[in-house]
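To start, the structure under review is shown below, and the notes come after it.
The values are calculated or read from the model by the stated rules, or taken from the named source; none is laboratory data. Computed from a predicted model, the values in this text were never measured in an experiment. Please note: Cβ atoms are built from the backbone with ideal geometry, for glycine as well, and neighbour counts cover all protein chains shown. The area values use the complete protein model at the heavy-atom level, side chains included, leaving out ligands, DNA and RNA. Shrake-Rupley method; radii C 1.70, N 1.55, O 1.52, S 1.80 Å.
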Amino acid sequence: MNIMTHQVTAYLDELYRPLNPFLEKLRKDAEEKHVPIILRDTEQLLINLLRIKHPKRILEIGTAVGYSSICFATICSKSIITTLELSEDSANIARKNIEDAGFSDRIQVVQGDAKESLTFLEEQLDQGQIEPYDFIFIDAAKAQYQAFWDACEPLWSNEALIVSDNVLFKGMTASDDFVLDRRNKTIIRRMREYLKNITNLQKVDTCVLAVGDGVAISLIHE
Ligand code: SAM
């Protein structure tokens, strides 16, 4: 299920303007190949959050072909971005797209399971080789969001913004009425637990928005 009516989505899509011709083509190619990238309204929300936040260091979990990380680098002209991707093929395609976009010096694609990559980043942080991240975008395996969150915790700075995508998962997180395929049972249960957890934490303010496929915005305040 689309969490908004199709008419509203179509209307919002009409209002969407691509950031530049490179990203317009990358979105078109990704959509034609059914590569899941951020939805148009989610992109516009992220752009505004980034313009308000001006993060120095961005961490992304789930690169796919590099679309969102190229968006981030376009908006934040001085930010350093680390993006984590499990699939070797996708990581290689993303690196090529990032090079073509001219951002190889600011976007690093780390290939491997994000949980292992996050442990590696924590070691680098402990050794003073990297600095904490002030903007984190979680957009990978939905059943693992809590594990990603926990592994990100040592890596974020005070007042970091954590954005989790697809948290309403086609409405299924909100209600069993939208569950058509029981194979999603584990993802749905874990996503409900995740949202319950991150909306009840002290020192974290989380709002859940019905934008795109559901976006949770969590502001850390120490
Ligand atoms: N953020 C990208 C964008 O908007 O352009 C889209 C990311 S796509 C929704 C999710 C990606 O997460 C897929 O490419 C998938 O291979 C990757 N992924 C899934 N599980 C992962 C894991 N455990 N570690 C790292 N990446 C993972």
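Ranking Leu118, Leu19, Leu39 from most to least accessible surface, computed with a 1.4 Å probe over the protein chains only, gives Leu39, Leu19, Leu118.
For segment 1-123, the alpha-carbon radius of gyration amounts to 1.08 times the rule-of-thumb value 2.2 N^0.38 Å expected for a compact globular protein. Computed from the C-beta positions of Glu122 and Tyr16 and an R0 of 25 Å, the FRET efficiency is 0.10 to the nearest 0.05. Assign one of three labels to segment 27-93, namely rounded, prolate or oblate, based on the Cα gyration tensor with a ≥ b ≥ c the square roots of its eigenvalues; rounded applies when a/c is under 1.5, prolate when it is not and a/b is larger than b/c, and oblate otherwise. Because a/c hits 1.5 or more and a/b fails to exceed b/c, segment 27-93 counts as oblate.
Given the Cα-Cα distance of Glu24 and Ala210 and 0.36 nm per residue of separation, how much length would full extension add, in nm?
64.6 nm
Among the protein heavy atoms of segment 1-152, carbon and sulfur supply 53% of the accessible surface, probe 1.4 Å, non-protein parts ignored.
Let me know the shape class of segment 60-153, please: from the alpha-carbon gyration tensor, a ≥ b ≥ c as square roots of the eigenvalues, rounded when a/c is under 1.5, otherwise prolate if a/b is greater than b/c, or oblate. All intermediate terms of the calculation are to be shown ahead of the outcome.
Numbers: a/c = 1.66, a/b = 1.25, b/c = 1.33.
Here segment 60-153 falls in the oblate category.
Each of Gly171, Leu45, Gln7 was placed along the dipole of the chain (beta-carbon charges, centred on the mean Cα), and the one lying farthest toward the positive end is Gln7.
Classify segment 1-54 as rounded, prolate or oblate from the Cα gyration tensor: take a ≥ b ≥ c as the square roots of its eigenvalues, call it rounded if a/c is under 1.5, otherwise prolate when a/b beats b/c and oblate if not. Verdict is oblate for segment 1-54. Dividing the mean sequence gap of close Cα pairs (under 8 Å, 6+ apart) by how many residues segment 142-222 holds gives a relative contact order of 42 percent.
Bridge orientation summary for the chain: considering DSSP beta bridges with both residues in this region, about 35 percent are antiparallel.
With a probe of 1.4 Å, find how much accessible area segment 20-220 has per residue, and write the answer as a whole number in Å².
Details: 9930 Å² over 201 residues.
Heavy-atom accessible area per residue stands at 49 Å².
When you restrict to C-alpha pairs under 8 Å that are six or more residues apart and normalise by the size of segment 20-220, the relative contact order lands at 18 percent. Protection proxy ranking for 43-52, 106-115, using the average of other Cβ atoms within 10 Å per residue and placing the highest first: 106-115, 43-52.
Explain nothing, just the number: relative contact order of segment 128-176, from Cα pairs under 8 Å at least 6 residues apart, as a whole percent.
Numbers: 40 pairs, mean separation 23.2, N = 49.
For segment 128-176, the relative contact order is 47 percent.
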